[in-house]
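Accompanying notes for the structure given below.
The values are calculated or read from the model by the stated rules, or taken from the named source; none is laboratory data. Just so it is clear, the model here is predicted, and its values are computed rather than measured. Ideal geometry is used to build each Cβ from the backbone, glycine not excepted, and the neighbour counts take in all protein chains shown. SASA here: full protein model, heavy atoms, side chains in, ligands and nucleic acids out. Shrake-Rupley method; radii C 1.70, N 1.55, O 1.52, S 1.80 Å.
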Amino acid sequence: KPLEGTLLFIFGATGDLAKRKLYPAIYSLYREGKLSDKFAVIGLARRPKTNDQFREDVKQSIAEFSRYPNDEDSDWPAFAAHFEYMSLNTNDVEGFRELEKTAVGLEAEFGLSGNRLFYLALAPELFGQVAHHLRDGGLLAGNGWKRVVIEKPFGYDLKSALALNEEIRNVFEEKDIYRIDHYLGKEMIQNIEVIRFANAFFEPLWNRHHIANIQITSSETVGVEDRGGYYDNSGALRDMVQNHMLQMIAMMAMEPPSRNVSEDIRDEKAKVLRSLRLYGSHEEVAQHVIRGQYGSGAVKGKNVPAYRDEESVNPASTTETFVAAKVMVDNNRWAGVPFYIRTGKRMPVKSTEIVVEFKGVPSATHKAQQHALEPNLLVFRVNPMEGIYIKINAKKPGTDGVLVPVAMDFCQSCQVGWNTPEAYERLLHDAIRGDSTYFTRWDEVSHAWAFTDRIAEAWSHDEQPLHTYEAGSWGPDAAHGLLARDGFKWWPVN
Ligand code: BG6
């Protein structure tokens, strides 16, 4: 059913995120009838631009990044008419009063009832100020809901995240704050709950009695690209682990929610994040967390420079571009089951996968007693392929007692004509509908920072090794040692 009207405010309208993700997402929602005709978009950024120029930029971004490029069904002029641009200096509350007038005008023009979604695709330093100016500029008064969508990073550590949260909470209630973790918008991440809880094959086995370990890999081939300024102050721990990696652990480890509603699901995730075992000493960090930084090397046949030689990166930088860690979830279900995570830039492939390795069966009772049995695996393929596969042991045809692992593969993204919505599309749609299930609540964010802060603190002391790994490799050897010590290995990523 079409949504009631919404006015979308895109702060950071000339930025990369808006271009790559937000405009294509708005376009897909529109094209699929999920926005109806009752919407308008105000693009906001500092630099002056006419409406026509802005619409041209939006068009370009759709041509380049949309999953409907060169769309023959599109009625471009009708779509473009919903977009307006206004130059805004976020320091100046006067500009916000102007913005209020523009907003009221657009609401009258498009028959909107006052629902407003403020999307802050901005540097986090500006979140608090923008929130206050929205209120003081009169943009939060009147009919309809007012929601704010906030991009990561949500703070730099627990302390700064707390301060940031307080600033935003001065203006918005928690229920109206939508903190983005775009991994939660991915099809297969949302599918974890269904695979786990809706299948008799898995639901009863999902615990320490049957699962040996869980491995989560998120690898990228790109380096720091042109984001050196941001990334060199952040590193993989803050950029990937604090949010995406820990959120994936939460989805894998959470208890079944008692009701299928947003708050119950988020309660269960928060409980997992609160149960993460905090590393108690620098020594424990050194033992359980490996950090690396890429040197030069070749990725997909192309020579690439070392991290320290990248633009806007300090030539003596000790920022990590790779993290592997052994994470324990201290609750009853997961006692003794390691969650291994690894993420890095300049690795051989771009891939996100979650592998569940099951415990072995008593081998004396079957024909394979002379053979080492491979464990059963359940693999969630999140990206670039979407699907699951299961590795089971079967008899090799035509032999007596020779067992081979065979894969049962369901490749969802291989289905012809299957053009799944992008994460941002789903999340934007959810925010407009008021469904916050796949956004991170404050308690989740704060528990996650409490976990990573211990690591960051230990790393701020020089005695902790920073391994250099060759670009195009799977990271430092120490990341293999992490599992080998426990008698496990990283399963190859597809
Ligand atoms: C972002 C990080 O949150 O996630 C980036 O800031 C990273 O550094 C990106 O490249 C990875 O997302 P995806 O969806 O491409 O796996």
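Quick notes on this structure:
- In plain terms, the chain from Glu125 to Val93 could stretch by 9.9 nm, reckoned as 0.36 nm per residue minus the Cα-Cα distance.
- Candidate cross-link partners of Lys175 among the lysines, defined by an alpha-carbon separation under 17 Å and a same-chain spacing of 8 or more, comprise Lys146, Lys269.
- In Hz, Karplus ³J(HN,Hα) per residue of the stretch 137-148 (6.51, -1.76, 1.60; θ = phi - 60°; x = Gly, Pro): x, x, 7, 9, 7, x, 5, x, 7, 10, 10, 10
- With every protein chain in place, the chain: carbon and sulfur % of accessible area (1.4 Å): 50 percent
- Global form of the stretch 407-494, assessed from the alpha-carbon gyration tensor, a/c cut-off 1.5: oblate
- Within the shell defined by Cβ-Cβ distances under 13 Å, the residues around Ala484 carry a net charge of +1, with Lys and Arg each +1 and Asp and Glu each -1.
- Packing-based ranking of 262-268, 239-245, 106-112 yields 239-245, 262-268, 106-112, ordered from highest to lowest mean Cβ neighbour count within 10 Å.
- Selection of GluC sites (Glu not before Pro), the stretch 155-248, meeting DSSP coil and at most 14 other Cβ within 10 Å: Glu173, Glu225
- Our note on the geometry: Cα centres of the stretch 381-456 and the stretch 87-141, 36 Å apart.
- Candidate cross-link partners of Lys396 among the aspartates and glutamates, defined by an alpha-carbon separation under 16 Å and a same-chain spacing of 8 or more, comprise Glu374.
- Estimated 222 nm signal from helices in the chain, with DSSP H stretches of n ≥ 4 weighted -39500 (n - 2.57), rounded to 500: -9000 deg cm²/dmol
- Within the stretch 35-86, the GluC sites (Glu not before Pro) that combine a DSSP coil assignment with at most 11 other C-beta atoms in a 10 angstrom radius are Glu72.
- Residue-by-residue Karplus 3J(HN,Hα) for the stretch 487-492, coefficients 6.51, -1.76, 1.60, Hz, glycine and proline x: x, 10, 9, 5, 7, x
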